[in-house]
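All remarks here apply to the structure that follows.
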Amino acid sequence: MAYTFTFEPNNAPKQKPDSNKLGFGQYFTDHMFIADYNLQHGWHEGRIVPYAPLLMDPASMVLHYSQTIFEGLKAYKTTDGKVVIFRPERNIERLNISGVRMGIPPIDEEFALQAVMQLVNTDKDWIPTGEENSLYIRPFIIATDPFLGVRPSDTYKFIVILSPVGAYYPEGINPIKIYVESEYVRAVRGGVGFTKTGGNYAASLKAQMESKDKGYTQVLWLDGCEKKYIEEVGSMNVFFKINGEVITPSLEGSILAGVTRNSVMTLMKDWGMQVTERQISIEEVYEAYQNGTLEEMFGTGTAAVISPVGELNWDGKGIVINNGKTGDLSHKLYDTITKMQRGLVEDSYNWLTTVE
Ligand code: COI
């Protein structure tokens, strides 16, 4: 079914940023999508309107109890001029998975997909050129009841905003240094670690600040009970190549089921590699490093794409991976994914949805 949304054009379009200096998430396009939810009408009144600040009641529940979810996906311009989005249906499906856990009413997936596609089509001139650049799409839902008791809201807004972005990490495709967090934890099983909800990210900030002061770009989280098993980085899932086998932490409820994680697993299996999802302890990674079998480590995420890890610090013990250089597998995955997204290699998995 084709949804039609109302459209209010922005009569004061902004100047577009220099595509060599985008950074991540600093610039926003001329329009945004908004739809409302209430008990009487469900999700309704989808509209594309000029990008502008929201007028909110200060008692809005999201501001007090964080009832909110979000997604992150990207649009690209292919070399033959098409506008494509990478696996958008997966992100919309995950939005609802997060929503169920956060007590947020499900949104019709076709409605949300159309919202994303029509907004991207409206602002497609904002898709930046340049190998590391793309148009980052941020759909999110917020609870809007003005109420201070603790219960699920009865009203919500679904909003989509767009941001032309470059590499998420200043290092780009160069290896990053990560601090293994042994004091703070991000999530526990049974909690909300598998959802994309703001609180997961708020809970990570103190550790991130402390690791930054020590010279590390990100934190690697360990499980919340024993602080033994590796979870994720917060902005990406992680993979280890040990003695030829690629291992990634299994989805036990406390980490995000990444779309890029799933995509690289599919690619590597099709390349004939041994890919295993299982619990992996930091001790095991340290032992592999000591006995010389730790070949590569990289992170995956929509924002981060493929991000090689050159060094870990675990309780003061340094783990230097592949001499701090980008490994062959990380390179191959990065190349394959980014070329596919630009239409330079065949989209043999039908991962691209064309916006028209
Ligand atoms: C993404 O990769 O899209 C994320 O949401 C990670 C981060 C920017 C929060």
Next item on the list: May I ask you to evaluate 6.51 cos²θ - 1.76 cosθ + 1.60, the Karplus curve with θ = phi - 60°, for each residue of the range 158-172 and list the ³J(HN,Hα) values in order in whole Hz, giving x for glycine and proline?
Entry: 9, 10, 10, 10, 10, 9, x, 10, x, 5, 5, 9, x, 5, x
Next item on the list: Would you mind checking the pairs LYS21/LYS325; LYS157/LYS206; LYS14/LYS206; LYS228/LYS269; LYS21/LYS212 and listing those with alpha carbons more than 31 angstrom apart?
Entry: LYS14/LYS206
Next item on the list: Provide the FRET efficiency to the nearest 0.05 for the TYR51-LEU205 pair, computing r from the beta carbons and using R0 = 30 Å.
Entry: 0.70
Item checked: HN-Hα J in Hz across the range 144-156 - Karplus 6.51, -1.76, 1.60, θ = phi - 60°, x for Gly and Pro -> 10, 4, x, 7, 9, x, 8, 6, x, 5, 9, 10, 8
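Ignoring ligands, DNA and RNA, what percent of the 1.4 Å accessible area of the range 6-166 is carbon and sulfur? Provide the component values of the computation, followed by the final result.
Values: 3940 of 7330 Å².
Answer for the range 6-166 is 54 percent, counting heavy atoms of protein chains only.
Normalised by the residues of the range 176-341, what does the relative contact order come to in percent, with Cα pairs under 8 Å and at least six apart? Before the final figure, lay out each step's value.
Working: 316 pairs, mean separation 39.4, N = 166.
Contact order relative to length: 24 percent.
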Item checked: Helix runs (DSSP H) in the chain reaching 15 Å along axis by Cα, Kyte-Doolittle at least 1.0 -> none
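About the Cα centre, and with charges only on the beta carbon of Lys, Arg (+1) and Asp, Glu (-1), how big is the dipole of the range 176-341? Nearest 20 debye, please.
Numbers: 17 positive and 21 negative charges, 92 e Å.
For this selection, approximately 440 debye.
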Next item on the list: Could you pull the Cα extents of the chain along its three principal axes, largest to smallest, in whole Å?
Entry: 61, 53, 36
Next item on the list: State the Cα centre-to-centre distance between the range 83-116 and the range 57-71 in whole Å.
Entry: 18
Next item on the list: Could you provide, to the nearest whole Å², the per residue accessible area of the chain with probe 1.4 Å?
Entry: 44
Check: Rounded to whole Å and sorted largest first, what semi-axes of the equivalent ellipsoid does the C-alpha gyration tensor of the range 176-341 yield via the square root of 5 times each eigenvalue?
Finding: 22, 19, 15
Margin query: Quick check on the chain: helices-only [θ] at 222 nm, where DSSP H runs of length 4 and up contribute -39,500 (n - 2.57) each and the sum goes over total residues. Nearest 500, please.
Written below: -7000 deg cm²/dmol
Checklist line | Cβ crowding within 10 Å averaged over residues, with 310-319, 81-90, 29-38 ranked highest first | finding: 29-38, 81-90, 310-319
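What part of the accessible area of the range 270-356, given as a whole %, is carbon or sulfur when the probe is 1.4 angstrom? Don't jump to the answer; show the numbers that get you there.
On the way: 1620 of 4010 Å².
With neighbouring chains kept in place, the figure for the range 270-356 is 40 percent.
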Item checked: Pairwise centroid distance, computed over Cα atoms, of the range 253-277 with the range 323-356, Å -> 14
Next item on the list: Go through the range 173-190 residue by residue and turn each phi into a ³J(HN,Hα) via Karplus (6.51, -1.76, 1.60, θ = phi - 60°); whole Hz please, and just put x for glycine and proline.
Entry: 7, 7, x, 9, 9, 10, 9, 7, 7, 9, 9, 7, 10, 9, 7, 10, 4, x
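Order these peptides, 119-132, 210-223, by their mean beta-carbon neighbour count within 10 angstrom, highest first. Each step should come with its number before you reach the end.
Values: 119-132: 17.4, 210-223: 18.9.
Ranking, from highest mean packing down: 210-223, 119-132.
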Note to self: Report the Cα centroid-to-centroid distance between the range 17-31 and the range 128-161 in angstrom, as an integer.
What the structure shows: 19
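Sort the following peptides by mean Cβ neighbour count (other Cβ atoms within 10 Å, averaged over residues), highest first: 174-180, 201-207, 107-113. Working shown, then result.
On the way: 174-180: 21.1, 201-207: 15.4, 107-113: 18.4.
My ranking of the peptides, most packed first, is 174-180, 107-113, 201-207.
The values are calculated or read from the model by the stated rules, or taken from the named source; none is laboratory data. Here the structure is a predicted model, which means the values were calculated and not measured. Here the Cβ is made from the backbone with ideal geometry for all residues, glycine too, and neighbour counts use every protein chain on show. When the accessible area is computed, the model is the full protein with side chains, heavy atoms only, and any ligands, DNA or RNA have been set aside. Shrake-Rupley method; radii C 1.70, N 1.55, O 1.52, S 1.80 Å.
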